[in-house]
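The values are calculated or read from the model by the stated rules, or taken from the named source; none is laboratory data. Just so we're clear, the structure is a prediction, and the values are computed from it rather than from any experiment. Cβ: placed from backbone, ideal geometry, glycine included. Neighbour counts: every protein chain shown.
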Amino acid sequence: MGKFNIKQKTSTWLSPAKLNLYLQIIGQRDDGYHLLQSVFQMVDLFDEIRITPGKNKEIRFSCNLAELNNHDNLIIKACELLTHYAETNNAPYFGLNIELNKKIPMGAGLGGGSSNCATTLMAINQLWQLNLDSEELIKMGVTLGADVPFFIFGKTAFVEGVGEKLTPFSLPSAWFLIIKPDCHISTGKIFSHPLLTRNNKAITIRDLDTLGLPFQGVNSLETVVVSEYDEVNQALDWLKKHQSNARLTGTGACVFAVFDNEREIRKIAAQCPWQSFVARGLENSPIQNKLTS
């Protein structure tokens, strides 16, 4: 861990959203965590994180959304984790002023909070020159959230376990119309639902080639979510009238459909009665590109 220049300028980091193109539960651990199989793909819908070095060791955080202007968020927890690591290993570090410009909707199944956490871990690791590799950051990240390792991994992936087993997987280029109904899904409520199937048959990565991803796919949580949240059911019904491959991402609330051209998707988005986003799939994270540039 070498010396660094605390007079560094403000740096801006793009923190991407993700979609679950495929999702099923194949079991449950003794500690209650569900064992999943999923395919995660990032899209070019971003939060922006601006980091400016401070004159002391204080971490200051602000956000354009008032409800996030507190210390109970994953960005602060990521900072605390790396501060503890630096102090434990006698590594020099400096204070940070962190500004989050939130554009990814919250409680939407798009992984915005986990992405912010991963982006913060990678950015501070570079700024403080802690020299932690991706594997070490992933071990830290999984303690903060099941989706955090994927965003550190930074590639489209077949995801297994509770989110920590990641295998890169290539997909054709595609456009996505993402709709956010006006509701917030309780993940705990969905995972504890008595009608949720928890013993789907496991697949292998070879089986993914037969699923027609990203244009076709399945989310085994969808039936439970639409039964509990009529807003999601309505949005999904509307979207399926325009594209039959429409489905839920994560535990929701967002639903999405996949297209192969931008012109068609923007015409449909213009008619959408809910908040919507047009996004393109990303093969690699802009964070990884920034770190290696």
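Condition (residue is of a type in the set (Lys, Arg) and either assigned by TED's automatic domain parsing to the domain that holds Tyr22 or within 18 Å of the chain's Cα centre (by Cα) (or both)) applied to region 261-283: is it met by at least one residue? Spell out how you get there, then give the answer.
Going through region 261-283, the residues of a type in the set (Lys, Arg) turn out to be 263, 266-267, 280.
Subsequent filtering for residues that are either assigned by TED's automatic domain parsing to the domain that holds Tyr22 or within 18 Å of the chain's Cα centre (by Cα) (or both) retains 280.
Checked against the condition, which is being of a type in the set (Lys, Arg) and either assigned by TED's automatic domain parsing to the domain that holds Tyr22 or within 18 Å of the chain's Cα centre (by Cα) (or both), region 261-283 yields at least one hit.
If Ala246 meets every condition in (1) of a type in the set (A, V, I, L, M); (2) within 30 Å of Ile152 (Cβ to Cβ); (3) in contact (Cβ under 8 Å) with a residue 24 or more places away in the chain apart from one, which number is that one?
So Ala246 meets the others, but not (3).
Restricting to region 149-183, what's the tally of residues that are touching a Gly at 6+ places or on another chain (Cβ under 8 Å) and in a strand (DSSP E or B)?
Residues meeting the conditions: 2.
Table: residues versus (1) of a type in the set (Gly, Ala, Ser); (2) in the same structural domain as Ile268 (by TED's automatic domain parsing); (3) outside any strand (DSSP E or B); (4) more than 15 Å from Ser38 (Cβ to Cβ).
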| residue | (1), (2), (3), (4) |
| --- | --- |
| Ile185 | no, yes, yes, yes |
| Pro194 | no, yes, yes, yes |
| Arg198 | no, yes, yes, no |
| Ile203 | no, yes, yes, no |
| Arg206 | no, yes, yes, yes |
| Asp209 | no, yes, yes, yes |
| Gly212 | yes, yes, yes, yes |
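Specify which of the listed residues (Gly107, Gly113, Gly141) is surrounded by 24 or more Cβ atoms within 10 Å (Cβ to Cβ) and touching a helix residue (DSSP H, G or I) at 6+ places or on another chain (Cβ under 9 Å). Before you say what the answer is, go through the steps one by one.
On the way: Gly107 fails: surrounded by 24 or more Cβ atoms within 10 Å (Cβ to Cβ); Gly113 fails: surrounded by 24 or more Cβ atoms within 10 Å (Cβ to Cβ).
None of the other options fit; the residue is Gly141.
Could you say which residue among Ala270, Ala257 is without any contact (Cβ under 8 Å) to a residue 60 or more places away in the chain, of a type in the set (A, V, I, L, M, F, W, C) and over 30 Å from Met122 (Cα atoms)?
Ala270
Which helices (runs of 4 or more DSSP H) does region 218-279 wholly contain that include 2 or more residues that are of a type outside the set (A, V, I, L, M, F, W, C), at pLDDT below 95 and closer than 21 Å to Leu21 by Cβ?
Working: elements: 222-228, 230-242, 262-269.
Output list reads 262-269.
So which of Phe61, Phe46, Phe40 ends up being in contact with a helix residue (DSSP H, G or I) (Cβ under 8 Å, 6 or more places away or on another chain), free of Cβ contacts under 8 Å to residues at least 60 places away in the same chain and surrounded by 18 or more Cβ atoms within 10 Å (Cβ to Cβ)? Walk me through it before giving the result.
Values: Phe46 fails: free of Cβ contacts under 8 Å to residues at least 60 places away in the same chain; Phe40 fails: free of Cβ contacts under 8 Å to residues at least 60 places away in the same chain.
Exactly one residue qualifies, and that residue is Phe61.
In region 17-58, what count of residues is obtained for those that are over 23 Å from Leu221 (Cα atoms) and assigned to a strand (DSSP E or B)? It would help to see each step written out before you state the result.
Here is the first cut: in region 17-58, the ones over 23 Å from Leu221 (Cα atoms) are 44-58.
Those still in the list that are assigned to a strand (DSSP E or B) too: 44-53.
Counting residues in region 17-58 that are over 23 Å from Leu221 (Cα atoms) and assigned to a strand (DSSP E or B) gives 10.
Which of the residues belonging to region 214-224 are closer than 14 Å to Gln37 by Cβ and either surrounded by fewer than 20 Cβ atoms within 10 Å (Cβ to Cβ) or not assigned by TED's automatic domain parsing to the domain that holds Phe191 (or both)?
The initial filter retains those residues of region 214-224 that are closer than 14 Å to Gln37 by Cβ, namely 217-221.
Answer for region 214-224, where residues must be closer than 14 Å to Gln37 by Cβ and either surrounded by fewer than 20 Cβ atoms within 10 Å (Cβ to Cβ) or not assigned by TED's automatic domain parsing to the domain that holds Phe191 (or both): Val218, Ser220.
Here is a list: Ser244, Ser227, Ser186. Which entry is within 28 Å of Thr119 (Cα to Cα) and either small (Gly, Ala, Ser) or surrounded by 19 or more Cβ atoms within 10 Å (Cβ to Cβ) (or both)?
Every option except Ser186 fails the conditions.
Of (1) at pLDDT 95 or above; (2) not in a loop (DSSP other than H, G, I, E, B), Asn131 satisfies all except one. Which?
(2)
Answer yes or no: is there a residue in region 157-164 that is touching a residue at least 24 places away in the same chain (Cβ under 8 Å), farther than 19 Å from Gly27 by Cα and surrounded by fewer than 20 Cβ atoms within 10 Å (Cβ to Cβ).
So the first thing to find is which residues in region 157-164 are touching a residue at least 24 places away in the same chain (Cβ under 8 Å), and the list is 157-164.
This time we only want the ones that are farther than 19 Å from Gly27 by Cα, so: 157.
Narrowing further to those that are surrounded by fewer than 20 Cβ atoms within 10 Å (Cβ to Cβ): none.
Within region 157-164, none of the residues are touching a residue at least 24 places away in the same chain (Cβ under 8 Å), farther than 19 Å from Gly27 by Cα and surrounded by fewer than 20 Cβ atoms within 10 Å (Cβ to Cβ).
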